[in-house]
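Undergrad: My questions will all concern the structure given below.
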Amino acid sequence: EKGLSPVTIATRCAHLKWFFTTLQTPHASMHTITIVDIDLFIQMKRNQGWKRHSLGTLASDLQIFFRYAENKKWCAIGIAAAIEVPRLYAQENIPECPSWEDVQRLLVSTKGNHPADIRDHAVLMLLSVYAFRRGEVARLQLDSIDWANEQIRLLRPKQSCTQCYPLLPLVGDAILRYLREVRPHTTDRSLFFNLAAPI
């Protein structure tokens, strides 16, 4: 009736099957099912490691079914309204950042003398210390580093402005080593290049 896809229908049927087959005590009639039964089922799935998004889908599917069942007088009134769907947040699927200990281990792993290590160490310092985006680091130019005033000037295209950041000694040393030992000799003003041709 709702024009749902076969996958959605199959998923909802699977959720209902799991619920009815895992009830703590058998029920002779749907009229004896209570919100406690549903809460215990959702809690069981949470204990099994289900995330909030999956639990939200599960609770919503049960809510839809019991609302339909109430209209058909198959079960007690009020069950659907009592099912609590977990709140979902717009940003919750954004991956968590690595711990600072992990970042430090990554920085230590690039402290070698290989050209790739020298370049990558400078790049990782900019990413981790200043939280610059990948594209922002890729767009840096030689003129972005103001050695005299110890600043990094970052162009923000969306805001049509340039932001200045203090050039920390550790970051400056990493960039300076890259410039002296690794960066290819070219008239291009980009700061970072590939190591293999075409650069």
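The values are calculated or read from the model by the stated rules, or taken from the named source; none is laboratory data. Small disclaimer: the values here were computed from a predicted structure and weren't measured. We place every Cβ from the backbone using ideal geometry, glycine too, and count neighbours over all the protein chains shown. Note: accessible area is taken over every heavy atom of the protein model, side chains too, but ligands, DNA and RNA are not part of it. Shrake-Rupley method; radii C 1.70, N 1.55, O 1.52, S 1.80 Å.
Undergrad: Identify all residues within the range 120-146 that are in a loop (DSSP other than H, G, I, E, B) and either open to solvent by less than 20 Å² (accessible area, probe 1.4 Å) or under 13 Å from LEU191 (Cβ atoms) (or both); write none if there are none.
TA: Across the range 120-146, the qualifying residues are PHE132, ARG139, LEU140.
Undergrad: Further question on the same structure: Cβ-Cβ below 8 Å, separation at least six or inter-chain, first residue in the range 45-59 and in contact (Cβ under 8 Å) with a residue 24 or more places away in the chain and within 15 Å of TYR89 (Cβ to Cβ), second assigned to a helix (DSSP H, G or I) and of a type in the set (D, E, K, R): which pairs?
TA: Qualifying pairs under 8 Å: LEU55/LYS45; LEU55/ARG46.
Each row is one residue, and each column tells you yes or no for (1) part of a helix (DSSP H, G or I); (2) within 30 Å of ALA59 (Cα to Cα); (3) open to solvent by 50 Å² or more (accessible area, probe 1.4 Å); (4) at pLDDT below 90.
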| residue | (1), (2), (3), (4) |
| --- | --- |
| ALA90 | no, yes, yes, yes |
| PRO98 | no, no, yes, yes |
| VAL108 | yes, no, yes, no |
| ASN113 | no, no, yes, no |
| ILE118 | yes, no, no, no |
| GLN159 | no, no, yes, yes |
| CYS164 | no, no, yes, no |
| LEU170 | yes, no, yes, no |
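Undergrad: Quick one: ALA10 ticks every box in (1) surrounded by 15 or more Cβ atoms within 10 Å (Cβ to Cβ); (2) more than 30 Å from TYR178 (Cβ to Cβ); (3) not polar (S, T, N, Q) bar one, so which box is it?
TA: (1)
Undergrad: A further question follows. Would you point out the residue of the range 172-199, among those that are β-branched (Val, Ile, Thr) and either in a helix (DSSP H, G or I) or within 18 Å of LEU107 (Cα to Cα) (or both), that is least open to solvent (accessible area, probe 1.4 Å)?
TA: Out of the qualifying residues, it is ILE175.
Undergrad: Does the range 42-82 hold any residues that are part of a loop (DSSP other than H, G, I, E, B) and either loosely packed, with under 14 Cβ neighbours inside 10 Å or modelled with pLDDT of 95 or more (or both), and which are they?
TA: GLN48, GLY49, LYS51, LYS72, LYS73, ILE77, GLY78, listed by residue number.
Undergrad: Looking at HIS31, is it touching a residue at least 40 places away in the same chain (Cβ under 8 Å) and either assigned to a loop (DSSP other than H, G, I, E, B) or over 29 Å from the mean Cα position of the chain (by Cα) (or both)?
TA: Answer is yes for this residue.
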